[in-house]
Amino acid sequence: MKATNRYLSVGIAIAAVATVLFLVLSVAGPAFSTATLTALLAAGSPTPPPGEAIPLKPIADLTSLTATVKLNVNGLINGKKVQGDLTGQLAMNGEKSRITVSGSLLGDIAAQVGGSLVGLFTPSKVDLYKVPEGTYIVVNGLVPVCVKPDTSKATSALDKMSPQGLLSMLTSSDVARGKLVGEETLNGQAVRHYVIDGDTFLAAAQNSTNPKLQSFGESLWSAEDADLYVDAKGGYPVAFSGSYSGAYEPLKFQGDFDVQIELTGVNTNTPGVLPSSCNKPISM
């Protein structure tokens, strides 16, 4: 009989605890869901929620475009303290493309964006042309100098700074997850505005199957929330803005940097015509 009473008391206690827990959950409402309770009880550090997948069409499907990327940096380049900006402008049409890099930091990183020969100048801008005939670098100073590199390594930094390449990487399916802010208008264009959580982006990038994205994520210390604008009709990304801390390998940079990318034209059929200085380029 005593055993029966003991079991009955335990059962009543369990029922009471369950009732209290049910009441707490009911009062807390939707904000304190079963998923939240599971997260609180889980061992180890919490994992950022993946967020909703953002429906996007890749800009690689566009036959021609013009775009701009701007980097604002504050940190170290090769151990030297720097603060300034770089702007990359892309004009692409099929197999022809031109990337123009300019900004206050161009002189400091000339060797990184065009090979050792470019580092001998203090250019106002550097152009990278890719045409069926090959790849050319034009250093624009007092006298334009055209260089035809023997390997792709000389242009790798410029390639990584391409607005098309950066936007494709930062909006890949691995990291294009976030919440819809609303329908807006950007430069007269109807867009959907999304916010990508910085912690979620960082975790997804570091675990991405895309080698470039994974390398980018692993080089970062932190990532702020990013704004992504998607064309309401076409479904492709038209603007991106994010802030990061860490290393950015193309510039040999470490510190804080902002990335702003904008598509300024779609299917504009902009030709990539080589300048006359490339009629007799310098081989490198």
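Inside the range 66-81, residues that are modelled with pLDDT under 90 and buried (at least 17 other Cβ atoms within 10 Å of the Cβ) make up a count of 1.
Confirm whether residue 183 is acidic (Asp, Glu), exposed (fewer than 15 other Cβ atoms within 10 Å of the Cβ) and in contact with a Lys or Arg (Cβ under 7 Å, 6 or more places away or on another chain). Yes: the conditions hold for residue 183. Picking from residues in the range 235-262 that are farther than 17 Å from residue 199 by Cα and among the acidic types (Asp, Glu), the one that is farthest from the chain's Cα centre (by Cα) is 249.
Please find, among 144, 132, the residue that is surrounded by fewer than 17 Cβ atoms within 10 Å (Cβ to Cβ), in contact with a helix residue (DSSP H, G or I) (Cβ under 6 Å, 6 or more places away or on another chain) and at pLDDT below 90.
Details: 132 fails: in contact with a helix residue (DSSP H, G or I) (Cβ under 6 Å, 6 or more places away or on another chain).
So the residue among 144, 132 that is surrounded by fewer than 17 Cβ atoms within 10 Å (Cβ to Cβ), in contact with a helix residue (DSSP H, G or I) (Cβ under 6 Å, 6 or more places away or on another chain) and at pLDDT below 90 is 144.
Are any residues in the range 186-205 surrounded by fewer than 16 Cβ atoms within 10 Å (Cβ to Cβ) and over 21 Å from residue 57 (Cα atoms), and if so, which ones? 199 - this is the single residue of the range 186-205 that is surrounded by fewer than 16 Cβ atoms within 10 Å (Cβ to Cβ) and over 21 Å from residue 57 (Cα atoms). Kindly list the number of the only condition in (1) over 16 Å from the mean Cα position of the chain (by Cα); (2) of a type in the set (Lys, Arg); (3) within 25 Å of residue 66 (Cβ to Cβ) that fails for residue 179. Failed condition: (3).
When you scan the range 182-207, how many residues do you find that are in a strand (DSSP E or B) and farther than 19 Å from residue 53 by Cβ? Summing the residues that are in a strand (DSSP E or B) and farther than 19 Å from residue 53 by Cβ in the range 182-207 gives 5.
Whether a residue is at pLDDT 85 or above, within 21 Å of the chain's Cα centre (by Cα), buried (at least 19 other Cβ atoms within 10 Å of the Cβ) and under 30 Å from residue 244 (Cα atoms) was assessed, and residue 157 does not pass this test.
The values are calculated or read from the model by the stated rules, or taken from the named source; none is laboratory data. This one's a predicted model, so the numbers in the text were calculated from it and none came from an experiment. Heads up, the Cβs are rebuilt from the backbone with ideal geometry, glycines too, and the neighbour counts pull from every protein chain shown.
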